[in-house]
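Here the structure comes first, spelled out in structure tokens, and everything after it is commentary.
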Amino acid sequence: MTSRPPILKAVIPAAGLGTRFLPATKAVPKELLPILDKPALQYVVEEAAEAGIQQVIIVIAPGKESIVAYFQPDPALERRLTASGAQDLSQQVHHASHLAQVSFVIQQQPLGLGHAVLMAKQAVGNEPFVVMLPDDIVSHTPGVVAQMLEVYRKFGGAVVAVAETPWESVHNYGVVAATPAGERVHRVRGLVEKPPREQAPSNLAIVGRYLLPPEIFDCLERTPPGAKGEIQLTDGMALLLENHALYACQFQGRRYDTGTPLGLLRASLEFALAREDTRESAQAMLKGLL
Ligand code: G1P
């Protein structure tokens, strides 16, 4: 296998307005809403760390500074918890702020996902990196990024995560036109953001994980506003495709869309049923409800 430049940085766009969670998001960024006891965002940072990512760059919007606070170490709180016998909690607090080196960049205006990623250009520099959308949580070991790194090691190029989606919902996603290249791997020939069902080239929808070369930034600088009048990452990748190979990784694992209240509720229920410490109570609770 050819050796490739290592992937050490992840960009996590977290600058969205969170309108689907209003009024809660008046005060709490949606990325900090919990699945059980941990913010959705932390699951994503954990997935990055598991795949060997050392530096996480979070793109936030003005007013979302509590995300910065969340990742700051809090030794005083850790000491208080330890002193009161809550070692477990103390360790969890410590763990959350030591997963990776986390830094922040600000997107001043909500001009789209592609624009948010472009804000991280300087912080990423001249190396390949991953982009992880925190609305998409996938429970699987190894995580999606680790699975994509395998594809990258084998095939090189850029990699995007995809999942087969019911045709009636393809218009909600970026969609790829692709031909088989290996087990659960496709070579991407084209991609389009939120196509009407009859124009979708396939039902392979993009899930929020991307492994990209630094050339994507030049592409994003040349990308005009697209769907919803926003600068779309999918459109930037369509430009990238002119000079770069792009592979789609049909990952293993169950995907949760935590970008809607019911999606977040579903993830919370399923995680509670899967976790040993909460399984029995969650089962009893659901039986009682039904
Ligand atoms: C974004 C991307 C889209 C992708 C989706 C995955 O859309 O633009 O290509 O399929 O995430 O969750 P959004 O959900 O921000 O509308």
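What follows draws every value from the coordinates through simple rules; no lab data is involved. Small disclaimer: the values here were computed from a predicted structure and weren't measured. As a convention, Cβ positions derive from the backbone with ideal geometry for all residues, glycine included, and neighbour counts pool all protein chains shown.
If we scan the range 236-252, do we find a residue that is under 19 Å from residue 156 (Cβ atoms) and either near the ligand (Cβ under 10 Å from one of its atoms) or of a type in the set (Val, Ile, Thr) (or both)?
yes
Restricting the search to the range 216-226, which residues are exposed (fewer than 15 other Cβ atoms within 10 Å of the Cβ) and either within 15 Å of the ligand (Cβ to nearest atom) or in contact (Cβ under 8 Å) with a residue 24 or more places away in the chain (or both)?
Selection gives 221, 225.
In the range 60-84, how many residues are surrounded by fewer than 18 Cβ atoms within 10 Å (Cβ to Cβ), in contact (Cβ under 8 Å) with a residue 24 or more places away in the chain and in contact with a helix residue (DSSP H, G or I) (Cβ under 9 Å, 6 or more places away or on another chain)? Give the derivation first.
Initial filter on the range 60-84 (surrounded by fewer than 18 Cβ atoms within 10 Å (Cβ to Cβ)): 62-63, 65-66, 68-69, 72-77, 79-80, 82-84.
The next check asks that each one be in contact (Cβ under 8 Å) with a residue 24 or more places away in the chain; those that pass are 62, 66, 68, 72-73.
Narrowing further to those that are in contact with a helix residue (DSSP H, G or I) (Cβ under 9 Å, 6 or more places away or on another chain): 66, 73.
Residues flagged as surrounded by fewer than 18 Cβ atoms within 10 Å (Cβ to Cβ), in contact (Cβ under 8 Å) with a residue 24 or more places away in the chain and in contact with a helix residue (DSSP H, G or I) (Cβ under 9 Å, 6 or more places away or on another chain) within the range 60-84 amount to 2.
When residues of the range 15-40 are filtered for being more than 24 Å from residue 270 (Cα to Cα) and either in a loop (DSSP other than H, G, I, E, B) or in contact (Cβ under 8 Å) with a residue 40 or more places away in the chain (or both), how many remain?
The total comes to 5.
Look at the range 266-290 and say how many of its residues are within 16 Å of the ligand (Cβ to nearest atom) and either in contact with a Pro (Cβ under 7 Å, 6 or more places away or on another chain) or without any contact (Cβ under 8 Å) to a residue 24 or more places away in the chain (or both). Lay out the reasoning, then the answer.
We begin by selecting, within the range 266-290, every residue within 16 Å of the ligand (Cβ to nearest atom); these are 266-267.
After this cut, where a residue has to be either in contact with a Pro (Cβ under 7 Å, 6 or more places away or on another chain) or without any contact (Cβ under 8 Å) to a residue 24 or more places away in the chain (or both) as well, the list is 266.
Residues in the range 266-290 being within 16 Å of the ligand (Cβ to nearest atom) and either in contact with a Pro (Cβ under 7 Å, 6 or more places away or on another chain) or without any contact (Cβ under 8 Å) to a residue 24 or more places away in the chain (or both): 1 in total.
Please identify the pairs in which a residue from the range 240-265 that is more than 17 Å from residue 42 (Cα to Cα) and of a type in the set (Lys, Arg) has its Cβ atom under 6 Å from the Cβ atom of a residue that is part of a strand (DSSP E or B) and away from the ligand (no atom under 13 Å from the Cβ), counting only partners at least 6 apart or on another chain.
254/139
Please indicate, with yes or no, whether at least one residue in the range 197-206 is of a type outside the set (Gly, Ala, Ser) and part of a strand (DSSP E or B).
Step one: list which residues in the range 197-206 are of a type outside the set (Gly, Ala, Ser), which gives 197-199, 201, 203-204, 206.
Among the residues that remain, those that are also part of a strand (DSSP E or B) are: 204, 206.
Yes; the residues of the range 197-206 include at least one that is of a type outside the set (Gly, Ala, Ser) and part of a strand (DSSP E or B).
Among the numbered criteria (1) touching a Leu at 6+ places or on another chain (Cβ under 6 Å); (2) within 15 Å of the ligand (Cβ to nearest atom), which one does residue 263 miss?
If we test residue 263 against (1) touching a Leu at 6+ places or on another chain (Cβ under 6 Å); (2) within 15 Å of the ligand (Cβ to nearest atom), just (1) comes out false.
Out of all the residues in the range 126-179, which are in a strand (DSSP E or B), crowded, with 22+ Cβ neighbours inside 10 Å and more than 16 Å from the ligand (Cβ to nearest atom)?
Within the range 126-179, just 129 meets the criteria.
Mind checking which residues of the range 248-290 are part of a helix (DSSP H, G or I), buried (at least 18 other Cβ atoms within 10 Å of the Cβ) and among the aliphatic types (A, V, I, L, M)?
264, 267, 272, 282
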